[in-house]
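Below is one structure, written out as structure tokens; the observations come after it.
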2 protein chains.
Amino acid sequence: MSAGWFRRRFLPGGLLSAPGPSRPRASPVPYRRPRFLRGSGSGPGPADASRRPDARPVRSPARGRALPWNAGYAEIINAEKSEFNEDQASCGKLCIRRCEFGAEEDQEWLTLCPEEFLTGHYWALFDGHGGPAAAILAANTLHSCLRRQLEAVVEGMVAAQPPMHLSGHCICPSDPQFVEEKGIRAEDLVIGALESAFQECDEVIGRELEASGQVGGCTALVAVSLQGKLYVANAGDSRAILVRRDEVRPLSSEFTPETERQRIQQLAFVYPELLAGEFTRLEFPRRLKGDDLGQKVLFRDHHMSGWGYKCVEKSDLKYPLIHGQGRQARLLGTLAVSRGLGDHQLRVLDTDIQLKPFLLSVPQVTVLDVDQLELQEEDVVVMATDGLWDVLSNEQVARLVRSFLPGNREDPHRCTAHPWEGHVEGCSPAQSNDPISPLSQSLLSFFLLATLAVQKQLSIRVSHQWWATRRPGRRTKRQEPGGNSK
Amino acid sequence: MSAGWFRRRFLPGGLLSAPGPSRPRASPVPYRRPRFLRGSGSGPGPADASRRPDARPVRSPARGRALPWNAGYAEIINAEKSEFNEDQASCGKLCIRRCEFGAEEDQEWLTLCPEEFLTGHYWALFDGHGGPAAAILAANTLHSCLRRQLEAVVEGMVAAQPPMHLSGHCICPSDPQFVEEKGIRAEDLVIGALESAFQECDEVIGRELEASGQVGGCTALVAVSLQGKLYVANAGDSRAILVRRDEVRPLSSEFTPETERQRIQQLAFVYPELLAGEFTRLEFPRRLKGDDLGQKVLFRDHHMSGWGYKCVEKSDLKYPLIHGQGRQARLLGTLAVSRGLGDHQLRVLDTDIQLKPFLLSVPQVTVLDVDQLELQEEDVVVMATDGLWDVLSNEQVARLVRSFLPGNREDPHRCTAHPWEGHVEGCSPAQSNDPISPLSQSLLSFFLLATLAVQKQLSIRVSHQWWATRRPGRRTKRQEPGGNSK
């Protein structure tokens, strides 16, 4: 993406602002639940809509259906909020093939031998809004984008130090020294690949939704275990934490209009045209009104971490770029998150003001060096959408997890067999002491990853990824080893 | 500053880019050392130039000249690097007067009674470059800007909670609740005042340097103790740390082209015109050359924390926006810092490419709640310019400080009477085991603040600040109490 592209796409008079010629519509993205829920009573159709409004079904994978690391998954559905469950999830093994040195982009992959595959694991949660389509597309697509991005740099990842030139060819004798001085490590290539994969997936979603005439967006929280490290990439307001016996460690930060206020205000400062004269980029404790004119009131602008007072002018009475507080905070009065995938067509109601220029699809990536931790059986990573974190703190979730894991040490499904399995009736906090009763208003989904498993599985090399993506019209030159699908 | 102003000022064809009509030149800013060094053997003139090139004079305040909190100060001069010592320092009491409710901006100050003065303390280090003028102006000006900014919000600072309206008038009954929900505290007003003061000071420096035909810039590191808290505001590559018996806590972050890479690249992405086709905004491990064309090399763009590989095109061979590593990293091949004051006229050598649009004058502010710490006699804050931190780590500095403070408990000047008092001969690390021998190549200055003193001095109210700034043509309506200068 270039600055020129941005200006043409989002600023008034830009060529790309105009709708393109109408093309025949593609089929809508079909609704489905995650594949690993098959056999657990959730059909592939929009069965959610038929549930009782006072029931809160909890869905988990069937007992015989192990996720990577025997991870647990559950989704708890808010029966009234939307017709479809807009959360989606995806997980599986991530098998990165190796391209021969010097192979061109458009050459076929050369599979050298099974041992040279690099294998990881992948878990992803997508919290949709404005319809389920973007989250479904993300669940179908992001892992493929990530695999492609990792395969493009895998030569650098498996080297002792990423080479200056991917070919391994050394043009300057001191090239390794330059790389060393910059502190570039293999994990930086994985971080870069995650960043690129999110962007690529966002572009795919934009094209697909435009083709099918659908709309919507989603957050994305991804965990990838690779080469002894756990990478957590987050774009949106989901969250991952590491729960250990004596420690609760956040593995992600939330990206909302509040947490990204300065970035968003800065963009509106640089391109005031994006607000079309309808919004003020300044932040005030509440929306101002006529009585405030001429008064000195608390405010913040893009360059301020602290607060100051300013004399209220007429333009300050406009609707704020970021308005509301906590869960109610909205970007342009419309959206509760500031990063994620999709939303290419999203506009402020009854205006032509676009949300997309203010949204980032790039995730923030945290790296957990699993090999360096002295892991215990009960150490887990909890990844969950905002439905969980809106009502339970990190510490409360940690207490819940610690309360049921130790009692089920022999059960390989212990991360799945959590206390919320089955159906939980809707109830208000006042009606029950059940620790999950506050969840009754929320839609949420989460993964529970036993971190010790990654150390045990580091030596496992598999040759076929469960999602079995193939580039159309391509065949490997040699037979892919172990080609039986799981 | 508005987006329109930015575009007119910095983009091609902008009205403000053209030099204004020539005006009679003001006198150059006179060179001087900090006032509190008077009597310590450093005259106000450019005496630095006459020192022996192999000597490294260390200057401290005279023994009878106590700084606030009996703080220590020293500067160690590199005899060969520049004719003048480009570091400057300033410290003193900060006396904030209170304006009556509803008093207009242009009314005279109404001094209600001595008890209603709010007193703080102020220490500041300025590391100049391109000449000493900007650092001298900052040392002369920033405290006055800060005092003005604090006086403009002092009513909010002394309230239990900053009121929505500075007048205290409540327009909506729920205004206090809005402020509460935003979590706005008195310290946010001090942070806002520091941010505004730095910007105001930067504008003053720009005007003064333009008027006198001088150039230059400086970093600024400021510590302010106020209402039981210590605020550390930093713009540049100086650093402050808190040294306690069992803890070394950083109180600031450095702002350099490396640490602010993404912000700087982002600006070049938004306004490619700022690079005038002469630079590439992309980061590579080294500057690329013809042999790299067509190769896939490691790179980073503005949206990336990780690294990727890209195929080298001709435009990638341009000089990098940020080039070099560590201490050698330069913005546009010119400047080693990315925040600070001044540099309004600074351009890339032999071009019209300006540095200023990439520089921020806004500091990052850290708040240390001194009242909440169980302070010991030996707990100190060390503030120093990069000359110290380039050669000694935080831990090494902490060890040095811990080694001499406990032996001088009865000495009120013990923070000043440090082991570097007097003259230290220049020597290389190979010639000596003296822990400060690596400093021989560096110019540095630093303050040592005993944190326990702030708790002891909290109840002291003084009525006259030592720098005694007065607005011209104004008199207080009532007699200022205790008007004897210190």
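Please state which of the following conditions A:Arg207 fails to meet, knowing it meets all the rest: (1) free of Cβ contacts under 8 Å to residues at least 12 places away in the same chain; (2) part of a loop (DSSP other than H, G, I, E, B).
The number of the failed condition is (2).
Would you pick out the residues in the stretch A:328-366 that are within 14 Å of another protein chain (Cβ to nearest Cβ), assigned to a loop (DSSP other than H, G, I, E, B), of a type in the set (A, V, I, L, M, F, W, C) and buried (at least 23 other Cβ atoms within 10 Å of the Cβ)?
Correct list: A:Leu359 only.
When you scan the stretch B:256-268, how many residues do you find that are open to solvent by less than 10 Å² (accessible area, probe 1.4 Å) and facing another protein chain (nearest Cβ under 9 Å)?
The qualifying residues number 1.
Would you pick out the residues in the stretch B:304-342 that are over 29 Å from B:Gly387 (Cα atoms) and either at pLDDT below 95 or basic (Lys, Arg) (or both)?
Passing the criteria: B:Lys310, B:Lys314, B:Lys318.
Among the candidates A:Gly228, A:Gly277, A:Gly216, which residue alone is at pLDDT below 95 and at positive phi?
After ruling out the rest, the residue left standing is A:Gly228.
Which of the residues that make up the stretch B:126-172 are charged (D, E, K, R) and away from every other protein chain (no Cβ under 14 Å)?
B:Asp127, B:Arg147
Kindly provide the set of residues from the stretch B:241-285 that are in a strand (DSSP E or B), β-branched (Val, Ile, Thr) and over 14 Å from B:Trp389 (Cβ atoms), ordered by number.
B:Thr280
Which one of these does B:Gln199 not meet: (1) within 16 Å of the chain's Cα centre (by Cα); (2) without any contact (Cβ under 8 Å) to a residue 60 or more places away in the chain?
Unmet for B:Gln199, out of (1) within 16 Å of the chain's Cα centre (by Cα); (2) without any contact (Cβ under 8 Å) to a residue 60 or more places away in the chain: (2).
If you go through the stretch A:221-242 one residue at a time, do you hit one that is outside the structural domain of A:Trp389 (by TED's automatic domain parsing), aromatic (Phe, Trp, Tyr) and touching a residue at least 12 places away in the same chain (Cβ under 8 Å)?
no
Among the residues of the stretch B:284-300, what is the count of those that are surrounded by fewer than 21 Cβ atoms within 10 Å (Cβ to Cβ) and either hydrophobic (A, V, I, L, M, F, W, C) or under 35 Å from the mean Cα position of the chain (by Cα) (or both)?
Qualifying residue count for the region: 3.
When the stretch A:226-240 is examined, which residues are found to be in contact with a Pro (Cβ under 9 Å, 6 or more places away or on another chain) and in a loop (DSSP other than H, G, I, E, B)?
The one that is in contact with a Pro (Cβ under 9 Å, 6 or more places away or on another chain) and in a loop (DSSP other than H, G, I, E, B): A:Gly236.
Out of everything in the stretch B:304-319 that is away from chain A (no Cβ under 12 Å) and outside any loop (DSSP other than H, G, I, E, B), what residue ends up being farthest from the chain's Cα centre (by Cα)?
B:Lys314
In the stretch B:274-303, what residues are in contact (Cβ under 8 Å) with a residue 40 or more places away in the chain and either at the interface with chain A (Cβ under 9 Å from one of its Cβ atoms) or β-branched (Val, Ile, Thr) (or both)?
If the condition is that a residue be in contact (Cβ under 8 Å) with a residue 40 or more places away in the chain and either at the interface with chain A (Cβ under 9 Å from one of its Cβ atoms) or β-branched (Val, Ile, Thr) (or both), then B:Thr280, B:His303 are the ones that fit.
Applying the selection to the stretch A:367-384, what residues are surrounded by fewer than 20 Cβ atoms within 10 Å (Cβ to Cβ) and either free of Cβ contacts under 8 Å to residues at least 40 places away in the same chain or assigned to a helix (DSSP H, G or I) (or both)?
The answer is A:Asp371, A:Gln372, A:Glu374.
Can you tell me which residue is surrounded by the fewest Cβ atoms within 10 Å (Cβ to Cβ) among those in the stretch B:173-186 that are in a helix (DSSP H, G or I) and either within 8 Å of another protein chain (Cβ to nearest Cβ) or free of Cβ contacts under 8 Å to residues at least 12 places away in the same chain (or both)?
Among those residues, the one meeting the criterion is B:Gln177.
Is it the case that the stretch B:368-376 has a residue that's closer than 20 Å to B:Leu267 by Cα and of a type outside the set (Val, Ile, Thr)?
No; the residues of the stretch B:368-376 include none that is closer than 20 Å to B:Leu267 by Cα and of a type outside the set (Val, Ile, Thr).
If the requirement is being at pLDDT below 80, among the small types (Gly, Ala, Ser) and assigned by TED's automatic domain parsing to the domain that holds B:Leu388, which of these qualifies: B:Ser17, B:Ser82, B:Ser40, B:Ser22?
The match here is B:Ser82.
The values are calculated or read from the model by the stated rules, or taken from the named source; none is laboratory data. The structure displayed is predicted, hence computed values, not measured ones. So basically every Cβ, Gly included, is an ideal-geometry build from the backbone, and we count neighbours across all protein chains shown. SASA here: full protein model, heavy atoms, side chains in, ligands and nucleic acids out. Shrake-Rupley method; radii C 1.70, N 1.55, O 1.52, S 1.80 Å.
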